[in-house]
1. Which percent of Cα-Cα pairs in the protein assembly as shown sits in each 10 Å bin, short to long?
2. If you rank A:S31, B:S96, B:S186 by fewest surrounding Cβ atoms within 10 Å, what's the result?
3. For chain B, report the convex hull volume of the alpha-carbon atoms normalised per residue, in Å³, without decimals.
4. Report, as an integer, the average count of C-beta atoms from other chains found within 10 Å of each Cβ along B:230-243.
5. Magnitude of the Cβ-charge dipole of the protein assembly as shown, K/R +1 and D/E -1, about the Cα centre, nearest 20 debye?
6. Within a 10 angstrom radius of the beta carbon, how do B:W179, B:W254, B:W35 rank from fewest other beta carbons to most?
7. If you wrap chain A's Cα atoms in a convex hull and average its projection over all directions, what's the area in nm²?
8. With +1 assigned to the C-beta of every Lys and Arg and -1 to the C-beta of every Asp and Glu, and no other charges, what is the dipole magnitude of the range A:13-117 about the Cα centre in debye, to the nearest 20?
Amino acid sequence: MLWQVDPRDPQPLYQQIAGTVRRAVGEGTLSSGDRLPAAKELAASLDVNLHTVLRAYQMLRDEGLIELRRGRGAIVIASDLGMSKLTTLADDLVAQAKRLGVSRDELARIILEGEADE
Amino acid sequence: MSKTSVRQDRGQLVVSAISAAVIVLVAVAGVVALWTARDQLPDQIATHWGANGQADGFTAVERIFVTNALLGGVLPLVLMLVGLAMKQGRIMGPLSVGLAVFLSGLGNGAAWMQRGMTPDEVASSDPGWVMLISAIAGVVVGAALWLVFRRTPTPGGVAANVAADAPRLLVDDPVRVAWIGHTAVSKMVWVFLGFGIVVTVVPAVRAFAAGSWGLGIFLMLFAALLTVFGLAMYATATVDARGVRVRALGLITWADIPLSEIAGATVTVVNPVGEFGGWGRRIGFAGEQGIVTDAGPALRLDRGHDAPFVITVSDAEAAAAAVNTLVGRRSTDHE
């Protein structure tokens, strides 16, 4: 699968890497049982620090999207697609807000107003 | 373009010529060594052994020297010429030398071993150790020559030449791009692997049971190599700013092509048997090289100074897009 990180993006690199995995799971490119690249390899390929990839993988593990096993690497377990999709959307939302210069408080207000309108 | 093809031809011509010289040297040296023992050789020399370990094929002593010279010299020379005709001299030259070392070692070694034997001793002679040692020597010599003669990256690399309709990614230059996937492996590979293991391990067990340790170890090593290379058909392919790599089991590198050696990538459809004569690390009938593990779409890398390289990966389209995007950036690099 394709991996991309944009150093100009205000979103931290580890968030971008985690986002790539979430999107791939959401789109079905990755499914349960698939193995993610070894963190060392992915870090070298994207020219990022090893800890950046490890941080992304740990975040995905905490979300329940992947399993980290010593010696076996990172394996997709993809139990909760809905939650990971929401996290992806939220990441995109925050990134877009940053680009537009919208503060976190303003963004929160927009979300809350949207909720009130329903 | 004409300049680079001349260079390429000269390189493989040099490798083939050196290989031919080494083959002749090995074949002559083997026969001469055996010639020094001609007075001690039996009249009928065992040259073939049956499944029961008993010799069942014999060659008259006056013909053994010609037979061994043909087997250890002419056969590898033919292989070397076929490789040259296929424009694969850099690989096939060292391979032919390895074969010459193995065949000369086996033919002359097995005859040498029968010095001073009675006909009964000849019939129950065991060429196992000779076979094992010759095989190891052949692999070592062939691998050493391959290491010496393999193509080194061209200084300055090759010019990017990406077709207008070739897949590309829509990303800005600062975006770092990588594609990581794996080879698609045909069920036939596993069938052949299982079959290959059975037909080497069963005779190996029989050889051990018959007390022929050399032959048993030779067959077990062969089975082990077969297993490793068979399992390595399932390999990880990586495309990134450094180039394209195909690795398996953490120990076998099928391909490691620097980005500077790649002119562009396309997606092609591969027929392993029809175009490459089988599965694995292949040289195709049309001169393409590749790691071919399944029928279907494959990533095809066009290399300026070398034959195109084909890799049967899952999602070849995305892999080609990543290669072309990275190659396209190279021409804008100012480093």
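1. Histogramming the protein assembly as shown at 10 Å steps yields 4, 16, 22, 20, 15, 11, 6, 3, 1, 1, 0 percent.
2. Values: A:S31 10, B:S96 28, B:S186 19.
Arranged by neighbour count, lowest to highest, A:S31, B:S96, B:S186 become A:S31, B:S186, B:S96.
3. On the way: hull volume 45.7 nm³, N = 335.
Hull volume over Cα atoms, normalised by residue count, gives 136 Å³.
4. On the way: counts 0, 0, 0, 0, 0, 0, 4, 0, 5, 3, 7, 4, 3, 0.
Going residue by residue through B:230-243 and averaging, the value is 2.
5. 1060 debye
6. Details: B:W179 27, B:W254 22, B:W35 12.
In order of increasing Cβ crowding within 10 Å: B:W35, B:W254, B:W179.
7. If I average the Cα hull's projected area over directions, I get 8.1 nm².
8. 560 debye
None of the figures in this text is laboratory data; all of them are computed from the coordinates on show. Here the structure is a predicted model, which means the values were calculated and not measured. Counting neighbours? That spans all protein chains shown, and the Cβs are built from the backbone with ideal geometry, glycine included.
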